[in-house]
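What follows is a single structure, and I will ask about it in a moment.
The values are calculated or read from the model by the stated rules, or taken from the named source; none is laboratory data. This is a predicted model, so every value here is computed, not measured. Side chains are part of the model used for accessible areas, which takes the heavy atoms of the whole protein and leaves out ligands, DNA and RNA. Shrake-Rupley method; radii C 1.70, N 1.55, O 1.52, S 1.80 Å.
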Amino acid sequence: MKAFLGVVPALLLAPAFAADAPARTATHRYMIERTFPAGALEGLNAETKAKVNANNARAGVRWLQSYANEDKTRTYCLYEGPSEAAIRESAKLNALPIDSITEVPVDVDSGKPARSVAVGGKRHRYLVERQFSPGAMDGLHAAAKTKVNTVNEKFGVTWVGSYANADKTV
């Protein structure tokens, strides 16, 4: 108990000293679409990924995940960074193209565990971009998600997850 009482003053004074600490930069999440010539992604190995990640760190950016179409000519990449300008700077440092950047700060949970099912010996994933009128996604509750998942199951489709822009229209 005495040890606990000795720590309380330090905890109460910590905010006063925190003002001297470096400020944390807000992190934003972005979806980046890229187009590559056929074969450009064939040599993507651990060494190349390490270089990309090092350059990203210089710009304050973190590569989270990427998806590619079957012929590996289009990628859809999730990144975190302080700004769109930082994302563009990291792409420039890595000599990577950018077709479009969309900030996606909102997670829309499907209400089901994420999984990808093998179909015909292959796993198929699709990126579906949707446009909504303002307010259309407000109140997306468990019953609505269950209805979507039930319909999807009739077609052998699993909603893995979604991201949306801040106003939930894309």
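How would Arg58, Arg34 line up by accessible area, probe 1.4 Å, largest first?
Arg58, Arg34
Ala57 to Leu41: extension gain in nm, 0.36 nm per residue of separation minus the Cα-Cα distance?
3.6 nm
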